[in-house]
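The values are calculated or read from the model by the stated rules, or taken from the named source; none is laboratory data. Everything numeric in this text was worked out from a predicted model, so none of it was measured. So basically every Cβ, Gly included, is an ideal-geometry build from the backbone, and we count neighbours across all protein chains shown.
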Amino acid sequence: MSIRTRFAPSPTGYMHIGNLRTALWAYLIAKKDPEGVFILRIEDTDQGRLVEGATDIIYNTMKECGLKHDEGPDVGGPVGPYVQSERVKSGLYMDYAKKLIKCGGAHYCFCNEETIAAQRAEHEASGQDIKFIDPCKNLSLEEAEARIAAGEPFVIRQTIPAEGTTSFDDEVFGHIEVDNSILDEQVLIKSDGFPTYNFANVIDDHLMGITDVVRGMEYLSSTPKYNLIYDAFGWEKPRYIHCPPVMKDEHNKLSKRNGDASFQDLMAKGYLPEAVLNYIAMLGWSPENNQEIFTLDELVQAFNVKHIGQNGAIFDPVKLTSVNGLWLRGMDLDHYYELTKEYIRSAVKGDFDLKKIAAVVQQRANTLQEIAPMLDFFDVFPEYSNDLYINKKMKTTPEVALESLKACLTLLEGLEPWNAEVLHEKLMELPAQLGKKNGQVLFPLRVAITGKQSTPGGAIELADIFGKEETLRRLRSSIAQLENA
Ligand code: GLU
């Protein structure tokens, strides 16, 4: 049987990083099987929590990331509809709830809020789990149906066996076994006729043929209850892959409420979708080797549920930034230029070859947002202090710099033609002629034409981009500044 997984978000706002990682892992697990199917299901039965536009964010995010679903609301499929509110309309959850009542897995409940709260408080006070054991489950079906016919409001609750244990083997958390006596007789169908998540997810996973349920570990403790429903129907249970949380730090989960970055925020900050996916795949999962950079296809090959850890994984923006930088540097120049030219143009209005600027900035920028601030020395030649020439590693001082720069000026004034190859050839001969180290010539030259100690690109590349006239203008001005010191 081929693998079928689903990503089942609730459209309650933005796509947080933990959600996206769940989607990614579910995708990888499906795609590892050449016949595998990845499904998108929108879980919108909690109408009070819906946020307008949230479904579009889900579609857009998945599209941007290349997490293409094979079945879902927008692409259809054999087991739709794929939006729970549409499924509600067909009455299917109510039908299954009634079947479950017949199988002994559920019952009608007429208790009011106070009765329930009082019992929960009692359980809590005696040190037990805050569960509710419903006295209504002792009503006969005829009695219950008569009360419903008389117009009494009701919900449908799960019936939990009073004794015994329920167990399952989670792919990540191993063997889980609980006493039935601690399980809550939770609501399956609310008084408005809507199913709860707790019921709808079981029915849908079954009807959609889901083989592997991939979701956050907050559902781990409810899974025994879901399994009791599968058992009552006599249905085959799926494999479970409960995912450890994505953390902000050791104690706090990543969350929008704390202002932590969403996927959209990361895009706005200049990260690449490929890099974000690459990084978050490894939040809680580690590949067998030390490979760090994975395309989505490579992730499909490398991913293995066995190597998901149980501990929450901390989302480290510094690490993400470095992975993003590796992605940017790994692109071919044409692609990189297309991606970055607007960012470069925002900082460089002058008549320079933007593609050459892209080539130097590519070696240094870790995010798209870092690009513009790195290029602040093209349109203006910044004021700077001669102290910039002091560099221990390069063994330079303003005195050394002045000697080197004068020699550079003589050389460059006579240089024809002006291009990177010729600049390279001639400037690389100069240190030996002067009895200096490379850095004692090229570092001062870079400072002299940029007014900065660190820049994307070296003296040769930058002189090429500036052109002869601008390079000589800056160089002469810097020599004068040293001579006047
Ligand atoms: N709608 C649930 C959520 O967004 C999905 C849980 C599940 O995957 O079963 O958390």
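Matching residues to (1) more than 25 Å from Leu92 (Cα to Cα); (2) hydroxyl-bearing (Ser, Thr, Tyr):
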residue	(1), (2)
Pro153	no, no
Gly174	yes, no
Ser181	yes, yes
Asp192	no, no
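So in the stretch 28-45, with the set limited to residues that are more than 10 Å from the ligand (Cβ to nearest atom) and in a loop (DSSP other than H, G, I, E, B), which one is nearest to Val246 (Cα to Cα)?
Applying the filter and picking the extreme gives Lys32.
Is it the case that some residue within the stretch 141-151 is under 41 Å from the mean Cα position of the chain (by Cα) and touching a residue at least 40 places away in the same chain (Cβ under 8 Å)?
no
When you check Glu86 against the structure, is it within 20 Å of Gly209 (Cβ to Cβ), without any contact (Cβ under 8 Å) to a residue 24 or more places away in the chain and in a helix (DSSP H, G or I), yes or no?
Yes.
Among the numbered criteria (1) within 12 Å of the ligand (Cβ to nearest atom); (2) closer than 20 Å to Phe263 by Cα; (3) surrounded by fewer than 24 Cβ atoms within 10 Å (Cβ to Cβ), which one does Trp25 miss?
Trp25 satisfies every listed condition except (3).
Does Ala401 satisfy the condition of being over 46 Å from the mean Cα position of the chain (by Cα) and small (Gly, Ala, Ser)?
Yes.
Out of (1) within 12 Å of the ligand (Cβ to nearest atom); (2) under 23 Å from Leu283 (Cα atoms); (3) among the charged types (D, E, K, R); (4) not in a strand (DSSP E or B), what's the single condition that is false for Arg6?
(4)
Condition (residue is of a type in the set (Ser, Thr, Tyr), within 11 Å of the ligand (Cβ to nearest atom) and touching a residue at least 24 places away in the same chain (Cβ under 8 Å)) applied to the stretch 46-56: is it met by at least one residue?
no
What is the one condition in (1) assigned to a helix (DSSP H, G or I); (2) more than 18 Å from Ala200 (Cβ to Cβ) that His69 does not satisfy?
(1)
Which ones in the stretch 9-22 are under 10 Å from Phe263 (Cβ atoms) and within 11 Å of the ligand (Cβ to nearest atom)?
Met15, His16, Asn19
Just give me the residues in the stretch 372-386 being buried (at least 16 other Cβ atoms within 10 Å of the Cβ) and assigned to a loop (DSSP other than H, G, I, E, B), in sequence order.
Across the stretch 372-386, the qualifying residues are Leu375, Phe377, Phe378, Phe381, Tyr384.
Are there helices (runs of 4 or more DSSP H) fully within the stretch 387-485 with at least 3 residues that are at pLDDT 95 or above, closer than 22 Å to Asp353 by Cβ and among the basic types (Lys, Arg)? List them.
Correct list: 468-483.
Could you please give the count of residues in the stretch 274-318 that are within 13 Å of the chain's Cα centre (by Cα) and among the polar types (S, T, N, Q)?
Matching residues across the stretch 274-318 total 1.
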